Amino acid sequence: NNTANPLPIDLEYFFGEDTEYIDYFVYYPRTTGTNGNFGELEVWIATEENPTYEKYDDYDFGKSG
């Protein structure tokens, strides 16, 4: 619920030690309305060996489900 906080919103995901690489992920937005659909976003990555976040790429999903 983003009614109290303005955009942007940060989402952080942490993966276990056995994760060698990630080639995709699936995000399921709400089934009603448009709140929860991704629009423009930046992906930043960090590893245990390199803990400083570095920008990976920009994406625009058009806020569509």
Any pair with Cβ under 7 angstrom, 6 or more apart, that starts in the stretch 20-33 at a residue that is within 18 Å of residue 56 (Cβ to Cβ) and ends at one that is modelled with pLDDT under 85 | 27/38
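A quick yes/no check of all residues on (1) open to solvent by 100 Å² or more (accessible area, probe 1.4 Å); (2) modelled with pLDDT of 80 or more; (3) small (Gly, Ala, Ser):
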{"residue": "5", "(1), (2), (3)": "no, no, no"}
{"residue": "14", "(1), (2), (3)": "yes, yes, no"}
{"residue": "34", "(1), (2), (3)": "yes, no, no"}
{"residue": "38", "(1), (2), (3)": "no, yes, no"}
{"residue": "41", "(1), (2), (3)": "no, yes, no"}
{"residue": "46", "(1), (2), (3)": "no, yes, yes"}
{"residue": "57", "(1), (2), (3)": "no, yes, no"}
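The values are calculated or read from the model by the stated rules, or taken from the named source; none is laboratory data. The structure presented is a predicted model; accordingly, all values stated were derived computationally and were not measured. FYI the Cβ positions are ideal-geometry reconstructions off the backbone, even for glycines, and counts take in every protein chain you see. Accessible surface is based on the protein model in full, side chains and every heavy atom, while ligands, DNA and RNA are left aside. Shrake-Rupley method; radii C 1.70, N 1.55, O 1.52, S 1.80 Å.
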